[in-house]
Amino acid sequence: MKSLYENFFKNNNSSDPILQVMEKVPIFENFTMKELKEVARLTHERSYKVGEPIFKKLSPGEGMYVILNGAVEIKDPDSNTIFANLVSGDFFGELALLDEEPRSAMAIATKQSELIGFFRTDLLTLINRDPALGNKILINLSRILGERLRRTNLELTQTN
C-alpha cells in the first residue's frame, strides 16, 4: 500500500511539459519552481494546425507565446520575408507584453503546434498580485530586448 504522503514534499514537476519548457525560456530565467508555477497558472494553452495563423500582421499585440511542440514561422506577408523559424522551447511576440502596438509581422504554424500564451493582462494581474515576481519578468524581458537591440545595431554597422 502506498503511503498517503508519498511524493508530498518531492519536487514532481518533471512530467509537466509547460513547466519544463518555461524553465528554459529566458524571460523566466532564475525563477524558483514556485514562481514558475505561479506564472504557469496564468498561461493559456493553444493548438494550431499546419498553416494556421497564430496572429496576423497589424493585429493587436496581446502577448507572447512559447512553443511547447511544433514549429512556427515569423514573416512579413507583404514581402514574404521570413524573420525566424522557431521550434519547441522558442518564444515570440514578447514586445506585446509591454505595449499595445499592432503586430509587425505574422506568426504561422508550419507544423501541428501546441503553444502557451502569456498575455499582457496576465502580466498585469501578476504585477498586482506579486509585484516582485512581475518585476522579475520585466527585468528579464528588458535584458532580452536590450541584447537583441545591441545585436541588431552590430549587424547594421557591419553591413554598412
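Throughout, read-outs are computed from the coordinates displayed, never taken from laboratory work. Fair warning: this is a prediction, and the values are worked out from it, not measured in the lab. Using ideal geometry, Cβ is built from the backbone for each residue, glycine included, and neighbour counts are taken over all protein chains shown.
Classify the range 42-89 as rounded, prolate or oblate from the Cα gyration tensor: take a ≥ b ≥ c as the square roots of its eigenvalues, call it rounded if a/c is under 1.5, otherwise prolate when a/b beats b/c and oblate if not. Oblate, since a/c reaches 1.5 and b/c is not below a/b.
Within the chain, the longest run free of trypsin sites (Lys or Arg not before Pro) that sit in a DSSP loop with at most 12 other Cβ atoms within 10 Å is 50-160. In the chain, helical runs assigned H by DSSP with n ≥ 4 each contribute -39500 (n - 2.57); averaged across all residues and rounded to the nearest 500, the mean residue ellipticity at 222 nm is -10500 deg cm²/dmol. Take the residue pairs 34/56; 56/111; 75/111; 37/111; 57/136; 24/57 and return only those whose Cα atoms are more than 23 Å apart. Correct reply: 34/56; 37/111; 57/136; 24/57. By the Kirkwood approach, averaging reciprocal distances over each pair of separate Cα atoms, the range 85-160 gets a hydrodynamic radius of 14.7 Å. Measuring gaps between exposed loop sites in the chain (GluC sites (Glu not before Pro); DSSP loop; at most 12 other Cβ atoms within 10 Å), the longest gap, sites not included, is 7-99.
Give me the aspartates and glutamates in straight-line cross-link reach of residue 49: C-alpha distance below 19 Å, same-chain residues under 8 apart excluded. Excluding near neighbours in sequence, the set is 73, 90, 114.
Angle check, please: helix 120-129 long axis (alpha carbons) against the longest principal axis of the chain (alpha carbons), in degrees 0 to 90, nearest 10. Roughly 40 degrees, rounded to the nearest 10.
Taking Cα centre as origin and charging only the Cβ of basic (Lys, Arg, +1) and acidic (Asp, Glu, -1) residues, the dipole magnitude of the chain rounds to 240 debye. Only one item in (i) 1.02; (ii) 1.40; (iii) 1.16 matches Cα Rg over 2.2 N^0.38 Å derived from the coordinates shown, and that item is (iii).
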